[in-house]
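The next block holds one structure in the form of structure tokens; read it before the comments.
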Amino acid sequence: MALSRHHTSITRPLSIQEIVAEAQDFEFYVERPLQSWLRSARMLLTEAGICESEGNIQMAYLYTYRHAELILSKISQHPDIKNPKLKNDISFARKQVNEDLVKLERWKPKINEDHAKYVKAAQRRREDRAKLEQQRIEDAKLRRMSLDSLDGSPIEDIRSLNPFEDRQLPVDIARQELLRRGVNNSATNNTRRPLSIAARDREHSDRYHYPAVPSKEAALNWKSSIIDTDQRPTLPPKLSQPNQVPPKIADDGRKVMFKINAHTEGGDPLRTVFLPPTLRQTFLNVADKNTARNFETCGVLCATSVSNALIISHLVIPDQTSTSDTCDTTEEGDVELFDFCDKENLLVCGWIHTHPSQSCFLSSRDVHTSSGYQQMLPEAIAIVCAPRHNPDWGIFRLTDPPGLPAILRCTEQGLFHPHSESNIYTDANSQEHGHVVEGPGLKFKVVDLRKQ
């Protein structure tokens with residue numbers, strides 16, 4: 001079972017005992033690097049914080065307990081537990097467990113109260129159903145009154161949206177929710193790379209350097225930001241605003257939730273991932289200098305959780321090293337990336353990278369990289385851009401099972417090595433079983449953390 005299992009997996013208020021059992025139900029692989037497990041632990045706390053902010057205390061409790069279980073019970077089994085390089089990270093994680101225990105005790109009364117209410121309501125509902133059956137009320141009406149909604153509320157109180165049927169309405173709702181939360185979701189189409197918040201705080205530090213985009217890159221697909229003032233047409237007042245508010249959606253008082261349209265091969269639900277349509281081309285522009293040298297480039301997809309969906313809102317370019325066949329984030333780049341995500345309350349939702357000379361596929365090395373992201377977040381994806389081939393791009397995820405568990409257990413060290421499983425990964429944006437939707441009008445930020 002994936003380490004991060006979101007709240008669509010649970011359809012009713014659980015007891016403390018049931019939540020604990022669910023939290024302990026995950027597989028721990030000693031073959032996976034300990035540092036990767038520590039990053040997953042941080043993602044669990046991010047998920048817990050998001051659930052708490054949305055009022056979903058039950059899932060916040062589950063993620064927080066799972067974090068404590070991972071740090072206190074599991075990582076002690078790892079062969080790298082005594083690695084001196086990880087001493088500070090392990091110590092910090094154990095200190096966070098102390099905070100976990102305080103939160104768990106604080107949330108326990110609320111969870112017990114919600115479960116008790118659910119049990120009473122379920123009992124009343126059963127009694128009502130018996131009466132209605134005696135009165136020969138239609139079975140369909142009984143089903144509509146079921147308590148088995150996403151969060152234990154009557155299903156008629158939830159406005160369920162299918163992003164595959166009407167793409168614009170869900171995107172408008174997602175944009176409104178981002179604005180309500182104060183998330184600046186404006187596009188970054190400037191000729192200079194923006195600095196992250198963490199980078200701006202250190203703007204005068206000698207340790208960090210954030211260069212401008214090369215002139216060749218700027219000329220690729222950006223629209224010129226210089227306009228002759230004598231020829232500029234007069235725009236209506238509304239269109240002159242750089243960041244327009246999406247059209248207001250009629251509010252009928254019901255909670256908005258995005259439907260689950262896809263599942264893993266093992267049957268676990270996958271939240272919809274909304275992808276800005278211009279993200280791939282923007283990334284190719286950023287990567288152009290490396291592509292011209294036949295070097296790979298990688299970026300990280302960071303998402304904001306909105307109404308049971310994930311919105312890709314940031315494209316982060318971490319500090320990295322590249323060759324014609326590989327691209328790897330540096331150790332310092334990893335630290336800065338996860339610090340940025342912690343500060344911005346973002347979920348790491350996968351990665352994007354180029355194949356300057358190879359075709360569009362996931363190599364044996366790529367699937368190992370993807371497994372780390374997907375173990376942290378089941379919905380995590382891998383986007384491959386192969387500009388010199390057809391098809392020139394693809395969106396993939398590891399199958400689960402057999403792909404994800406097989407790769408997590410693989411101990412081969414070679415740069416390119418075969419795997420015995422034939423069905424390791426699959427398309428993530430196919431209409432039949434994909435969970436990725438391109439959202440028209442969605443914007444995103446580019447945060448370049450590379451040092452030149």
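Kindly indicate whether any position in segment 339-362 is in contact with a Phe, Trp or Tyr (Cβ under 9 Å, 6 or more places away or on another chain), surrounded by fewer than 24 Cβ atoms within 10 Å (Cβ to Cβ) and free of Cβ contacts under 8 Å to residues at least 40 places away in the same chain. Checking segment 339-362: at least one residue is in contact with a Phe, Trp or Tyr (Cβ under 9 Å, 6 or more places away or on another chain), surrounded by fewer than 24 Cβ atoms within 10 Å (Cβ to Cβ) and free of Cβ contacts under 8 Å to residues at least 40 places away in the same chain. Only one entry in Thr329, Thr369 is open to solvent by 10 Å² or more (accessible area, probe 1.4 Å) and over 21 Å from Val273 (Cα atoms), namely Thr329. None of Ser36, Ser15, Ser53 is open to solvent by 10 Å² or more (accessible area, probe 1.4 Å) and closer than 22 Å to Thr264 by Cβ except Ser36.
Being open to solvent by less than 10 Å² (accessible area, probe 1.4 Å) and within 24 Å of Ala309 (Cα to Cα) is not true of Cys385. Here Leu301, Leu279, Leu284, Leu315 are screened, and the one residue that is open to solvent by 20 Å² or more (accessible area, probe 1.4 Å) and at pLDDT 95 or above is Leu284. Entry remark, segment 401-452: residues being under 19 Å from Phe361 (Cβ atoms) and under 19 Å from the mean Cα position of the chain (by Cα) number 10 in total. Might you check whether a residue that is touching a residue at least 60 places away in the same chain (Cβ under 8 Å), open to solvent by 20 Å² or more (accessible area, probe 1.4 Å) and not acidic (Asp, Glu) occurs anywhere in segment 67-76? Checked against the condition, which is being touching a residue at least 60 places away in the same chain (Cβ under 8 Å), open to solvent by 20 Å² or more (accessible area, probe 1.4 Å) and not acidic (Asp, Glu), segment 67-76 yields no hits at all.
Looking across segment 436-452, the residues that are assigned to a strand (DSSP E or B) and either under 21 Å from Glu332 (Cβ atoms) or open to solvent by less than 20 Å² (accessible area, probe 1.4 Å) (or both) come down to Val436, Val437, Val446, Val447, Asp448. Take the conditions (1) modelled with pLDDT of 90 or more; (2) out of contact with any Cys (no Cβ under 9 Å at 6 or more places or on another chain); (3) of a type in the set (Lys, Arg); Arg42 misses just one of them, which is (2). Take the conditions (1) part of a helix (DSSP H, G or I); (2) charged (D, E, K, R); (3) open to solvent by 50 Å² or more (accessible area, probe 1.4 Å); Asp80 misses just one of them, which is (1).
Of all the criteria given as (1) under 29 Å from Glu177 (Cβ atoms); (2) in contact with a strand residue (DSSP E or B) (Cβ under 6 Å, 6 or more places away or on another chain); (3) open to solvent by 20 Å² or more (accessible area, probe 1.4 Å), the one not satisfied by Ser430 is (2). Taken across segment 394-412, residues that are hydroxyl-bearing (Ser, Thr, Tyr), over 14 Å from Ser371 (Cα atoms), assigned to a loop (DSSP other than H, G, I, E, B) and at pLDDT below 90 do not occur at all. Among (1) of a type in the set (D, E, K, R); (2) assigned to a loop (DSSP other than H, G, I, E, B); (3) closer than 14 Å to His263 by Cα; (4) touching a residue at least 24 places away in the same chain (Cβ under 8 Å), which single condition is Arg388 missing? Only one criterion in (1) of a type in the set (D, E, K, R); (2) assigned to a loop (DSSP other than H, G, I, E, B); (3) closer than 14 Å to His263 by Cα; (4) touching a residue at least 24 places away in the same chain (Cβ under 8 Å) is unmet by Arg388, namely (3). When we screen Arg397, Arg293 for residues that are of a type in the set (Lys, Arg) and open to solvent by 20 Å² or more (accessible area, probe 1.4 Å), the only hit is Arg293. Among the residues making up segment 294-336, a single one is part of a loop (DSSP other than H, G, I, E, B) and without any contact (Cβ under 8 Å) to a residue 24 or more places away in the chain: Thr330. In this structure, is Phe274 hydrophobic (A, V, I, L, M, F, W, C) and open to solvent by 10 Å² or more (accessible area, probe 1.4 Å)? So Phe274 fails the test. State yes or no: is Tyr425 in contact with a Cys (Cβ under 9 Å, 6 or more places away or on another chain), under 27 Å from His314 (Cβ atoms) and open to solvent by 10 Å² or more (accessible area, probe 1.4 Å)? It is false that Tyr425 is in contact with a Cys (Cβ under 9 Å, 6 or more places away or on another chain), under 27 Å from His314 (Cβ atoms) and open to solvent by 10 Å² or more (accessible area, probe 1.4 Å).
Of all residues in segment 298-340, those satisfying the criterion of being over 14 Å from Trp351 (Cα atoms), among the hydroxyl-bearing types (Ser, Thr, Tyr) and touching a helix residue (DSSP H, G or I) at 6+ places or on another chain (Cβ under 8 Å) are Thr304, Ser305, Ser307, Ser322.
The values are calculated or read from the model by the stated rules, or taken from the named source; none is laboratory data. Predicted, not measured: the structure shown is a model, and the values here were computed from it. Cβ: placed from backbone, ideal geometry, glycine included. Neighbour counts: every protein chain shown. To get the accessible areas, we keep the full protein, side chains included, count just its heavy atoms, and leave off ligands, DNA and RNA. Shrake-Rupley method; radii C 1.70, N 1.55, O 1.52, S 1.80 Å.
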